[in-house]
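The values are calculated or read from the model by the stated rules, or taken from the named source; none is laboratory data. These numbers come from a predicted model, not from an experiment. We place every Cβ from the backbone using ideal geometry, glycine too, and count neighbours over all the protein chains shown.
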Amino acid sequence: MLANTVRLFPLFAILLSLVAYFVPNLFVDLKSQIVPLLMIIMLSMGLTLSIDDFKKLKIYKRAILVGILLQFTIMPFVALFIANFLNLEKSFVIGMILVGSVAGGTASNVICYIAKGNIALSIIMTTLSTLIGVIITPILIKNLAGTMIDISIVAMVISLLKIVLLPVVIGILLNHFLSKIIKIINPILPIISIIAIVLVIAIVVALNKNMLSTLGFILPLAVVIHNITGLVAGFWFCKILGFDKKTCKTISIEVGLQNSGLAVALANQFFTPTTALPGAIFSIWHNISGSLLAGYWSKTK
């Protein structure tokens, strides 16, 4: 059921985005709920983790190091290159940088499962990139977008501590002390996350209806190239370094699938609704590409 729900996620996102586009009044007033919705996603992620998961760090130490390095180098710098190469307007350049600078996406674990990757490695990488991103993401954004707009690293770090770190830690602690109860609700946590991210996308679409009507194809093209570059580079860098195919698939998915919901939240909190558009488009597209790739990998050895 979960795998089917994830495969249908892009369809849900597109359908609700269409509703938001044609009836924006249903979602515009929900702008203030973007951050709470993201906190729900982060809490759900924390609830799926146990303290024992962190004991696996030693087992996958080399793969984790390579994956995290690729995550926070390829994605932000490729985002900036693509945005400048395609001559995107300033708000879209900042939005692309935001998408490139955030951690791995929460859907990557399920996509990895469908692709027959290394689930334990995927969970650890998503968790670590999320926690490390609390500090790294603001630094990357400041250095890559700071010349275009004034950015407070301290304010962004504090925001990420509230939006990301606090809910994840609370989730881990709840899972540790109330494990029997959490096990009962565990199967629906990914579905809750999907509902939350679909709502975030719809809100962004509603807020940018006028902009979307004149958007054209350049920004979607930039997002598609960005995502595919991450997936391809993540796989082949690992292949060159001698990792087995299961690990290569896992790191490819972790690098290529970004926490675009967080990029949207940061865009709305520190920049403008227009800056959130790359994140909203990425949220839809990377689940389409991830699902297609996972479907292909699930049928190959």
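Among the residues that make up the range 194-212, is at least one of them in a helix (DSSP H, G or I), under 18 Å from the mean Cα position of the chain (by Cα) and over 25 Å from LEU30 (Cα atoms)? I'd like the intermediate steps shown before the answer.
Taking the range 194-212 and keeping what is in a helix (DSSP H, G or I), we get 194-207, 209-212.
Checking which are under 18 Å from the mean Cα position of the chain (by Cα) leaves us with 194-205.
So of that shortlist, the ones also over 25 Å from LEU30 (Cα atoms) come out as none.
Scanning the range 194-212 turns up no residue that is in a helix (DSSP H, G or I), under 18 Å from the mean Cα position of the chain (by Cα) and over 25 Å from LEU30 (Cα atoms).
Filter the range 71-100 for residues that are buried (at least 24 other Cβ atoms within 10 Å of the Cβ) and within 13 Å of VAL264 (Cα to Cα) and give the result.
Across the range 71-100, the qualifying residues are ILE94, GLY95, MET96, ILE97, LEU98, VAL99, GLY100.
With a cut-off of at least 1 residues that are at pLDDT 90 or above, closer than 19 Å to GLY261 by Cα and under 15 Å from the mean Cα position of the chain (by Cα), name the helices (runs of 4 or more DSSP H) lying wholly within the range 44-151.
Per the criteria, 61-71, 74-85, 90-101, 119-145.
Quick check: anything in the range 194-204 crowded, with 21+ Cβ neighbours inside 10 Å, out of contact with any strand residue (DSSP E or B) (no Cβ under 8 Å at 6 or more places or on another chain) and of a type in the set (Gly, Ala, Ser)?
Checked the range 194-204: at least one residue is crowded, with 21+ Cβ neighbours inside 10 Å, out of contact with any strand residue (DSSP E or B) (no Cβ under 8 Å at 6 or more places or on another chain) and of a type in the set (Gly, Ala, Ser).
Need pairs with beta-carbon distance below 7 Å; first residue surrounded by fewer than 24 Cβ atoms within 10 Å (Cβ to Cβ) and within the range 239-262, second of a type in the set (A, V, I, L, M, F, W, C); sequence gap 6+ or separate chains.
Listed by first residue and then by second, the contacts come to LYS239/CYS248; LEU241/VAL66; PHE243/ALA63; THR247/ALA63; THR247/LEU121; THR247/CYS238; CYS248/PHE235; CYS248/CYS238.
Could you run through the range 213-226 and say how many residues are more than 16 Å from SER283 (Cα to Cα) and assigned to a helix (DSSP H, G or I)? Spell out the reasoning first.
Of all residues in the range 213-226, those more than 16 Å from SER283 (Cα to Cα) come to 213-218.
Those still in the list that are assigned to a helix (DSSP H, G or I) too: 218.
Looking only at that region, the number is 1.
Residues are listed down the side, and each one gets a yes or a no for (1) surrounded by fewer than 24 Cβ atoms within 10 Å (Cβ to Cβ); (2) under 12 Å from the mean Cα position of the chain (by Cα); (3) closer than 19 Å to MET148 by Cα:
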position: PHE270; (1), (2), (3): yes, no, yes
position: ILE284; (1), (2), (3): yes, yes, no
position: ASN287; (1), (2), (3): no, yes, no
position: TYR296; (1), (2), (3): yes, no, no
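Taking the range 10-43 on its own, how many of its residues are at pLDDT below 85 and surrounded by fewer than 21 Cβ atoms within 10 Å (Cβ to Cβ)?
Final tally of qualifying residues: 4.
Looking at THR130, THR126, which one is over 15 Å from SER252 (Cα atoms) and touching a Gly at 6+ places or on another chain (Cβ under 8 Å)?
On the way: THR126 fails: over 15 Å from SER252 (Cα atoms).
Going through THR130, THR126 in turn, the sole match is THR130.
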